[in-house]
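The values are calculated or read from the model by the stated rules, or taken from the named source; none is laboratory data. Treat the numbers as computed from the prediction; the structure is a model and nothing was measured. Quick reminder, even Gly has a Cβ in these numbers, built from the backbone with ideal geometry, and neighbours come from all protein chains shown.
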Amino acid sequence: MTVTDPIRTSRVPPATAARPVRPVVAWAVIGAVFLLLEAYVFAAWFISGDAHTVATGADAVPTGTKVLAWVFQALTVAALIGTIVWLVRKCRREGRLVFDAVWVIGLASMYWQDPLCNYLRPVFYYNSYLINLGSWAPHIPGWVSPNAVHLPEPLIFVGPIYGSVIPIIALGAHWVMRTASERRPDFGVVRVFLVGWVAMAATVIGFEVIWVHSNLYAYPGALHNFAIQGGSRYQFPLQEALLWGAFLTVAGAVRLYRDDLGQSIAERGTDRVSGSLGRSNLLRALALIGFMNLAMLIYNLGMISLTLHVDRTPGGYPSYLTNKLCGPGTPYRCPAPGVPVYLRPASDGP
């Protein structure tokens, strides 16, 4: 295996009577399905009129929180711009669509899944002071959790994270695993992955504890005995670190473990696809979109399943975090043992 990026998709072999299976085609079909679903969700969100700003409510947002909100929004936008500039320059310098570009496209395409942890119950809050237009969550097929239109998805804080901060952290996973394999050649793929996983779990804890204490978001749904500051409004569920850390390690491994043509697991067979270079590049992009979205969905399914077992939602959350998702002012009790999963009434939206 190699970590170089010498993809030569312009080489098209002659047609043969029996073509081998090309994983890139299967992954590209999966990617196309995810893109169609994403387009449907966003279109339904805007057409329905649900795309509107969620207000902060009765509680005043502290000045320190406001300052941090603008600082982090500016930083993530700057990171996205920097990532785009880096990728454009790299593609121009090499005269082709480089692996890192399609890899980042795949990661950025996952943003539509961001609210999925609240699919069954409201176990995650965003601060509505952050620039938002509410949430597209109720338009995700089969969505159960009520009042999800009030979840203020931070468009210029979290949106750019998917196209910049997540790839940057996944590059860190790539570096950690490559370093581990170079220093310990006796390590197999599994042990190298475990090293990366530990590093990524620690990184997730470092980032997210800061953001939780900055009041930019909160995890009201957690197992108190398996959380940092469990039972308080600043609790951080450790399953998030484990599951999200695992995803980031997978993303780094996709970049690390490429073949001699520079093809990742999702791109294998691109060199055997007939047609133009543009078609090959499209297949590669769709393949990485499919792979990353499927991996993200597996992460989300793990988080969703754990929402059925969370402890009592702590008290003390201000209105700019609760945003009428549950609790006072709504007909729904917040998650706790014995509290059912509420099905939305017909008047609650799509």
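Can you name every one of the helices (runs of 4 or more DSSP H) wholly within the range 233-350 that holds 2 or more residues which are in contact with a strand residue (DSSP E or B) (Cβ under 8 Å, 6 or more places away or on another chain)? Walk me through it before giving the result.
Values: elements: 238-256, 277-306, 319-322.
Those helices (runs of 4 or more DSSP H) span 319-322.
Being under 30 Å from Asn147 (Cα atoms) and at pLDDT 95 or above: is that true of Ala78 here?
So Ala78 does not fit the description; no.
Determine if the range 270-286 includes at least one residue that is at pLDDT 95 or above, surrounded by 22 or more Cβ atoms within 10 Å (Cβ to Cβ) and among the hydrophobic types (A, V, I, L, M, F, W, C).
Yes, the range 270-286 contains a residue that is at pLDDT 95 or above, surrounded by 22 or more Cβ atoms within 10 Å (Cβ to Cβ) and among the hydrophobic types (A, V, I, L, M, F, W, C).
Could you tell me whether Phe34 is closer than 29 Å to His139 by Cβ, out of contact with any helix residue (DSSP H, G or I) (no Cβ under 6 Å at 6 or more places or on another chain), at pLDDT 95 or above and of a type in the set (Phe, Trp, Tyr)? Please lay out each step first, then the result.
On the way: closer than 29 Å to His139 by Cβ: yes; out of contact with any helix residue (DSSP H, G or I) (no Cβ under 6 Å at 6 or more places or on another chain): no; at pLDDT 95 or above: yes; of a type in the set (Phe, Trp, Tyr): yes.
Spelling it out, it is not the case that Phe34 is closer than 29 Å to His139 by Cβ, out of contact with any helix residue (DSSP H, G or I) (no Cβ under 6 Å at 6 or more places or on another chain), at pLDDT 95 or above and of a type in the set (Phe, Trp, Tyr).
Looking at Gly134, Gly196, can you tell me which residue is in a loop (DSSP other than H, G, I, E, B), within 19 Å of the chain's Cα centre (by Cα) and not basic (Lys, Arg)?
Selected residue: Gly134, the only one of Gly134, Gly196 that is in a loop (DSSP other than H, G, I, E, B), within 19 Å of the chain's Cα centre (by Cα) and not basic (Lys, Arg).
For the range 143-157, name all the residues that are out of contact with any Leu (no Cβ under 6 Å at 6 or more places or on another chain) and either over 18 Å from Arg121 (Cβ atoms) or charged (D, E, K, R) (or both).
Glu153, Leu155, Ile156
Would you mind finding the one in Gly82, Gly106 that is surrounded by 16 or more Cβ atoms within 10 Å (Cβ to Cβ), of a type outside the set (Lys, Arg), more than 25 Å from Thr307 (Cβ to Cβ) and under 20 Å from the mean Cα position of the chain (by Cα)?
It is Gly106.
Can you pull out every residue in the range 208-248 that is closer than 25 Å to Gly172 by Cα and without any contact (Cβ under 8 Å) to a residue 12 or more places away in the chain? Break it down into steps so the answer makes sense when it comes.
Kept after step one, since they are closer than 25 Å to Gly172 by Cα, are these residues of the range 208-248: 208-214, 216-217, 227-228, 236-248.
The answer is Ile210, Ala227.
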